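Read through the structure below, which is laid out as structure tokens, and then see the notes.
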Amino acid sequence: MAMAEKFDSLEEHLEKFVENIRQLGIIVSDFQPSSQAGLNQKLNFMVTGLQDIDKCRQQLHDISVPLEVFEYIDQGRNPQLYTKECLERALAKNEQVKGKIDTMKKFKSLLIQELTKVFPEDMAKYKAIRGEDPSP
């Protein structure tokens, strides 16, 4: 079974479970002795629903969810915002690192130019070892 199908199956079981809980809440909030059979049926549906969810859990045991996602959910925020914010942080960090790399390349170029002026013979040997063009 493909990973997407496993998630779809879990989502379907969770939706059924939530719907059963909603219906159970309605039955309990307006409980009449005559609704005992319906209550028992919904409780049995909840048990089988939990069993179905547990079967899905066993198929998805290798999936890990960052704790921050649960914090988003606890705060009432959309968990997809976590992914969006992670990508934004990664892009910002990438730009920062790219800037540092560019700065270091410029520094290296300037350093080689200045060292070539002060130590022309040594820098020619260095460039020869590095396989670079020894001309300034």
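The values are calculated or read from the model by the stated rules, or taken from the named source; none is laboratory data. Since the model is a prediction, treat every value here as computed from it, not as a measurement. Here Cβ is always computed from backbone atoms with ideal geometry, including for glycine, and neighbour counts include all displayed protein chains. All accessible areas refer to the heavy atoms of the entire protein, side chains included, with ligands and DNA or RNA removed. Shrake-Rupley method; radii C 1.70, N 1.55, O 1.52, S 1.80 Å.
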Exercise. What FRET efficiency, computed as 1/(1 + (r/R0)^6) with R0 = 25 Å and r the Cβ-Cβ distance, is obtained for Leu39 and Leu60, rounded to the nearest 0.05?
Worked result: 0.20
Seminar exercise, completed: Sorted list, accessible surface of protein heavy atoms, 1.4 Å probe, largest first, for Ser29, Ser109, Ser9 is Ser29, Ser109, Ser9
Problem set entry | In Å², nearest 10: area of Phe17 left accessible to a 1.4 Å probe | 30 Å²
Seminar exercise, completed: Quick calc of log₁₀ I(q)/I(0), the chain, Debye, one scatterer on every Cα, no solvent, q values 0.09, 0.15 1/Å, result -0.59, -0.94
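How many percent of the accessible area of the chain is carbon or sulfur, using a 1.4 Å probe?
Values: 6560 of 10890 Å².
Carbon and sulfur together cover 60 percent of it.
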Exercise. In square angstrom, rounded to the nearest 10, how much accessible surface does Thr48 have for a 1.4 Å probe?
Worked result: 60 Å²
Problem set entry | With DNA, RNA and ligands ignored, accessible area of Glu121 (1.4 Å probe; Å², nearest 10) | 130 Å²
Problem set entry | Solvent exposure of region 33-85 as accessible area per residue, Å², 1.4 Å probe | 76 Å²
Seminar exercise, completed: Comparing Leu60, Leu115, Leu81 in a Gaussian network model of the chain (Cα, 10 Å), the one with the largest mean-square fluctuation is Leu115
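Helices from the chain with mean Kyte-Doolittle at least -1.0 and a Cα length along the axis of 30 Å or more, per DSSP H: which? Numbers along the way, then the final one.
Working: long enough: 3-29 (39 Å, -0.11); 36-59 (35 Å, -0.68); 80-118 (57 Å, -0.53).
Membrane-span-like by this rule: 3-29, 36-59, 80-118.
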Exercise. With labels modelled as points extended 7 Å from the Cα through the Cβ direction, what inter-label distance (nm, one decimal) is found for Lys106 paired with Leu50?
Worked result: 6.3 nm
Exercise. Where a Cα-Cα gap under 19 Å defines reach, which aspartates and glutamates qualify for Lys108, not counting those fewer than 8 residues away within the same chain?
Worked result: Glu121, Asp122, Glu132, Asp133
